[in-house]
1. Hey, got a sec? Which GluC sites (Glu not before Pro) in the stretch 247-346 land in a DSSP loop and have at most 13 other Cβ atoms within 10 Å?
2. Stretched out fully, how many nm does the piece from Asn276 to Val367 gain, at 0.36 nm a residue minus the Cα gap?
3. Using a basic spin-label model with each label point 7 Å from the Cα along Cα→Cβ, how many nm lie between Ser199 and Asn60?
4. So how far, in whole Å, is the C-alpha centre of the stretch 78-143 from the one of the stretch 251-317?
5. Please report the antiparallel percentage of DSSP beta bridges with both residues in the stretch 7-373, rounded to the nearest 5.
6. Which value in nm describes the separation of the simple spin-label points at Asn209 and Val141, placed 7 Å from the Cα toward the beta carbon?
7. For the pair Ser160/Lys267, report the inter-label distance in nm, with labels modelled 7 Å from Cα in the Cβ direction.
8. DSSP loop trypsin sites (Lys or Arg not before Pro) in the stretch 189-270 with at most 15 other Cβ atoms within 10 Å of their Cβ, which ones?
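Any read-out appearing in this document is the output of simple, stated calculations on the displayed coordinates, not a laboratory observation. Quick caveat: nothing in here was measured; it's all calculated off a predicted structure. Cβ atoms come from the backbone with ideal geometry, glycine included; neighbour counts cover every protein chain shown.
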Amino acid sequence: MEMSYYYFNRVVLVVCSIVVVSLSCFVAGDNGNLGASFIFGDSLVDAGNNNYLQTLSKANIKPNGIDFKATGGNPTGRYTNGRTIGDIVGEELGAPGYAVPFLAPNATGKTILNGVNYASGGGGILNATGRIFVNRIGMDVQVDYFNITRKQLDKLLGASKAREYIMKKSFFSITIGANDFLNNYLLPVLSIGARITESPDAFVDDMINHLKAQLTRLYRLDARKFVVGNVGPIGCIPYQKTINQLKENECVELSNKLALQYNGRLKDLLTQLNENLPGSTFVNANVYDLVMELIVNYDKYGFTTSSRACCGNGGQFAGIVPCGPTSSMCQNRDKHVFWDPYHPSEASNLIIAKQLLDGEKKYISPVNLRQLRDL
């Protein structure tokens with residue numbers, strides 16, 4: 001379902017969980033009481049954690065955030081031109097603000113009662129994923145960080161109330177997995193050895209087994225309401241189209257095949273967890289089909305292109321050089337499905353957010369986000 005503007009031996013460093021949609025949001029009950037949104041994942045969910053790391057994966061430079069009204073168009077570390085899906089959903093449900101990045105200085109005290117963001121551009125399910133960026137926060141460490149927050153909540157609310165707050169009023173959203181393919185298994189040169197020694201089936205098994213352990217750890221820390229996004233059509237992003245010299249209506253077959261293979265296993269895993277972890281609700285967000293719908297039928301939604309990045313440089317689809325101060329930028333950002341070579345625009349996020357909030361089971365199941373909130 002996370003842009004770096006640095007280069008390593010003249011190879012553009014691809015960052016984050018491309019086109020995997022941020023599923024993070026605040027939870028607002030009908031009575032006005034707000035729960036917390038605990039956000040885990042990669043760059044499409046990262047709201048600034050990587051700003052505090054010595055890493056090659058950052059999005060804290062212009063024109064990122066140019067349409068983010070909360071900062072007057074200044075970058076925050078979000079890897080898009082405006083709001084993430086989580087920001088939009090939170091506003092729809094009446095949230096007073098956005099989940100604070102765990103590494104931010106103000107992630108203390110009562111601020112954490114609205115939620116905490118642990119996500120990191122370049123992060124993945126597997127610990128080896130994203131190592132080309134030097135520093136990033138993988139999913140295992142993100143869960144470790146939540147354990148710290150969990151103890152802080154006990155001190156703020158008392159053990160009993162903290163447990164109830166987490167179990168009944170809080171969302172846990174997980175948007176991760178694409179980096180494990182694009183910045184690990186499929187990474188040019190660096191991953192050749194891994195692909196020789198490990199089949200796609202074995203690699204996907206490894207991902208699923210690690211994710212199962214990570215989600216189970218969160219459950220044992222009292223998480224109950226989970227939203228888990230699958231991996232989007234990573235073979236259709238402008239970067240992949242550009243470097244493979246594809247036509248507008250073509251996508252990289254292998255990348256999408258791997259995503260679909262993982263997505264099938266993820267669906268089975270979430271069904272298993274729903275059955276085996278009492279009191280839990282694991283929601284499967286089918287962002288692969290959501291994003292593919294925008295890519296294939298872009299004109300139906302008012303877009304003029306789903307192939308060319310609004311902000312970027314290089315090749316037919318501006319998909320080689322990441323978005324930064326020297327990049328070309330389209331005049332109408334609302335007409336592009338993709339903001340940069342890797343991430344959706346705010347206009348796309350608005351459309352996807354509606355489906356996550358109120359969509360049918362083909363996109364989000366067994367319940368949508370409004371229904372999950374009210375459980």
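1. Working: sites: Glu248, Glu250, Glu253, Glu275, Glu293, Glu346; in loops: Glu248, Glu250.
Here the sparse-neighbourhood loop sites are Glu248.
2. Details: separation 91, 0.36 × 91 = 32.76 nm, distance 1.82 nm.
That works out to 30.9 nm of additional length.
3. Simple spin-label model gives 4.5 nm for this pair.
4. 20
5. Working: 9 of 30 bridges.
Close to 30 percent.
6. Taking the two extended label points, one gets 2.3 nm.
7. Computed distance between label sites Ser160 and Lys267 equals 4.4 nm.
8. Values: sites: Arg195, Lys212, Arg217, Arg220, Arg224, Lys225, Lys241, Lys247, Lys257, Arg265, Lys267; in loops: Arg224, Lys247.
Passing sites in the stretch 189-270 are Lys247.
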